[in-house]
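Worksheet: the structure to be examined is printed underneath.
The values are calculated or read from the model by the stated rules, or taken from the named source; none is laboratory data. As the structure is a computational prediction, the values presented were derived from the model and not from experiment. In this analysis, Cβ positions are derived from the backbone assuming ideal geometry, glycine residues included, and neighbour counts consider all displayed protein chains.
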Amino acid sequence: MGSTAGRGDAATRYIVGVDLGGTNIVAGVMTADGAEQYAMHSVPTRADQGADAVVERIVQLSERVIAETQAATGASRAQFMGVGIGSPGPLDREKGLVIVTPNLGWRDFPLRDRVSDGVKLPAELDNDANCATLGEWWIGAARGARHVVGLTIGTGIGGGLILNGRLYHGASDVAGELGHITIDSTGRKCGCGNYGCLEAYASGPAIAQRAREALGGGEPSSMPALVDGDLARITAATVFEAAKGGDELAGHVVRDTAKFLGIGVANFLNIFNPEVVVIAGGVTQAGEALFEPLRAEVRRRAFAPAVESCRIVPGELHGNAGVVGAVAIFAQARGLA
């Protein structure tokens, strides 16, 4: 996507944003003030080919979006300030390292400097969920707020915290692992090894698993027909589609998901007292069928003053929040946002 705003203006500065995931790498360019977006593209990550190959794809994709932005705006290479990178973590931001990321198979990998060397521009690195939250704060659903909690719900549940208008990283860069708060001390086992994490109940795969378990009770449902009888193909999207069609069993799964998320969000309200909670990812496809009971659960569990001062909303930057936030990471590091 793009715009002709700023075309030919030599004073305009541009930043590349990169959102690195286990499946895809997404990159795009924005003006340093976040007003315009250009040349958003995605390529497969192909982590099985090794870290060097992934870095090469990031560099090639960055060069592609830079070239397309130059073609669209007439900008010179000197107008590109740098690259912001969102990566799965945990990370050592000071050193620019990806400490460990199971989806990519990396340990202590110097991603920031490798990308910077490849693109020949300065780079900044932060957690991908932090970037998504920062993107929604900068130009999305949480713009204008000072205190924000962000949840990104997909294969897992990530989170980000913005306190007093700045990302909060904690003592060792792992603040915001909101998917791993415990909502049931003797509950389901999570991929992290703990039991009863929010992620074990409300991530995409967890929603699908709970639906398959519910079908084992023999209740009628349209979900098997939606996957041609192959229950292994049920996803969270299948559940949401069935629920929207009036499927009672799927609706029950969605309401349970809302309850689990509501427990987590109520905890966040009581701890952080945010103005906005932004929930992003595929789970927002469920719409008000999810958000209405979620908000009701929060009202039931959180202190009333915290509830009254907070909006709980879906993200606005569908698919682009990570890239927007990566740009914002670089802009904040340079005092521009």
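Going by the conditions given, is Gly28 in contact with a helix residue (DSSP H, G or I) (Cβ under 6 Å, 6 or more places away or on another chain), under 23 Å from Ala75 (Cα atoms) and part of a strand (DSSP E or B)? Answer is yes for this residue. The residues of segment 271-289 that are crowded, with 20+ Cβ neighbours inside 10 Å and either at pLDDT 95 or above or in contact with a Lys or Arg (Cβ under 6 Å, 6 or more places away or on another chain) (or both), listed by number, are Pro274, Val276, Val277, Val278, Ile279. Checking the structure you have, find out if any residue of segment 105-112 is closer than 18 Å to Ala333 by Cα and surrounded by 23 or more Cβ atoms within 10 Å (Cβ to Cβ). Yes, segment 105-112 contains at least one residue that is closer than 18 Å to Ala333 by Cα and surrounded by 23 or more Cβ atoms within 10 Å (Cβ to Cβ). For segment 31-48, a residue qualifies if it is assigned to a loop (DSSP other than H, G, I, E, B) and touching an Asp or Glu at 6+ places or on another chain (Cβ under 7 Å), but none of them does.
Taking the criterion of being over 17 Å from Leu290 (Cα atoms), modelled with pLDDT of 95 or more and in a helix (DSSP H, G or I), would at least one residue in segment 196-207 satisfy it? Yes, there is a match, as at least one residue in segment 196-207 is over 17 Å from Leu290 (Cα atoms), modelled with pLDDT of 95 or more and in a helix (DSSP H, G or I). Could you list, in sequence order, the residues of segment 290-336 that are within 21 Å of Arg255 (Cβ to Cβ) and under 21 Å from the mean Cα position of the chain (by Cα)? Once the filter is applied, which keeps residues that are within 21 Å of Arg255 (Cβ to Cβ) and under 21 Å from the mean Cα position of the chain (by Cα), segment 290-336 yields Leu290, Phe291, Leu294, Arg295, Ile312, Val313, Pro314. Gly325 - would you say it is touching a Cys at 6+ places or on another chain (Cβ under 7 Å), assigned to a helix (DSSP H, G or I) and at pLDDT 95 or above? It is true that Gly325 is touching a Cys at 6+ places or on another chain (Cβ under 7 Å), assigned to a helix (DSSP H, G or I) and at pLDDT 95 or above. Within segment 183-217, track down each residue that is surrounded by 14 or more Cβ atoms within 10 Å (Cβ to Cβ) and of a type in the set (Asp, Glu). Asp184, Glu199, listed by residue number. Exactly one residue among Ala75, Ala47, Ala53 is crowded, with 18+ Cβ neighbours inside 10 Å and at pLDDT 95 or above, and that residue is Ala75. Is there a residue in segment 49-70 that is in the same structural domain as Ala326 (by TED's automatic domain parsing), over 25 Å from the mean Cα position of the chain (by Cα) and either in a strand (DSSP E or B) or of a type in the set (A, V, I, L, M, F, W, C) (or both)? Yes: one or more hits. Residues of segment 87-114 that are under 21 Å from the mean Cα position of the chain (by Cα), within 17 Å of Ala326 (Cα to Cα) and touching a residue at least 40 places away in the same chain (Cβ under 8 Å): Ser87, Pro88, Gly89, Pro90, Leu91, Asp92, Arg93, Leu111.
Would you point out the residue of segment 245-260, among those that are hydrophobic (A, V, I, L, M, F, W, C) and in contact with a Ser or Thr (Cβ under 7 Å, 6 or more places away or on another chain), that is surrounded by the most Cβ atoms within 10 Å (Cβ to Cβ)? Among those that are hydrophobic (A, V, I, L, M, F, W, C) and in contact with a Ser or Thr (Cβ under 7 Å, 6 or more places away or on another chain), it is Ala250.
The requirement of being touching a helix residue (DSSP H, G or I) at 6+ places or on another chain (Cβ under 8 Å), surrounded by 21 or more Cβ atoms within 10 Å (Cβ to Cβ) and more than 24 Å from Leu167 (Cα to Cα) is fulfilled nowhere in segment 261-270; no residue meets it.
Residue-level check: of (1) modelled with pLDDT under 95; (2) under 19 Å from Gly262 (Cα atoms); (3) not charged (D, E, K, R), Gly193 misses just (2). Yes or no: Arg143 modelled with pLDDT under 95, on the phi < 0 side of the Ramachandran plot and of a type in the set (D, E, K, R)? No. Taking each residue of segment 228-247 that is touching a residue at least 24 places away in the same chain (Cβ under 8 Å) and within 19 Å of Ile153 (Cα to Cα) and looking for partners that are assigned to a loop (DSSP other than H, G, I, E, B) and of a type outside the set (D, E, K, R) with beta-carbon atoms closer than 8 Å, six or more apart or interchain, yields Ile234/Val227; Thr238/Val227.
Within segment 267-275, one or more residues are free of Cβ contacts under 8 Å to residues at least 40 places away in the same chain and out of contact with any Ser or Thr (no Cβ under 7 Å at 6 or more places or on another chain). Just one of the numbered conditions (1) crowded, with 18+ Cβ neighbours inside 10 Å; (2) closer than 19 Å to Gly322 by Cα; (3) of a type outside the set (Phe, Trp, Tyr) is not true of Gln70: (2).
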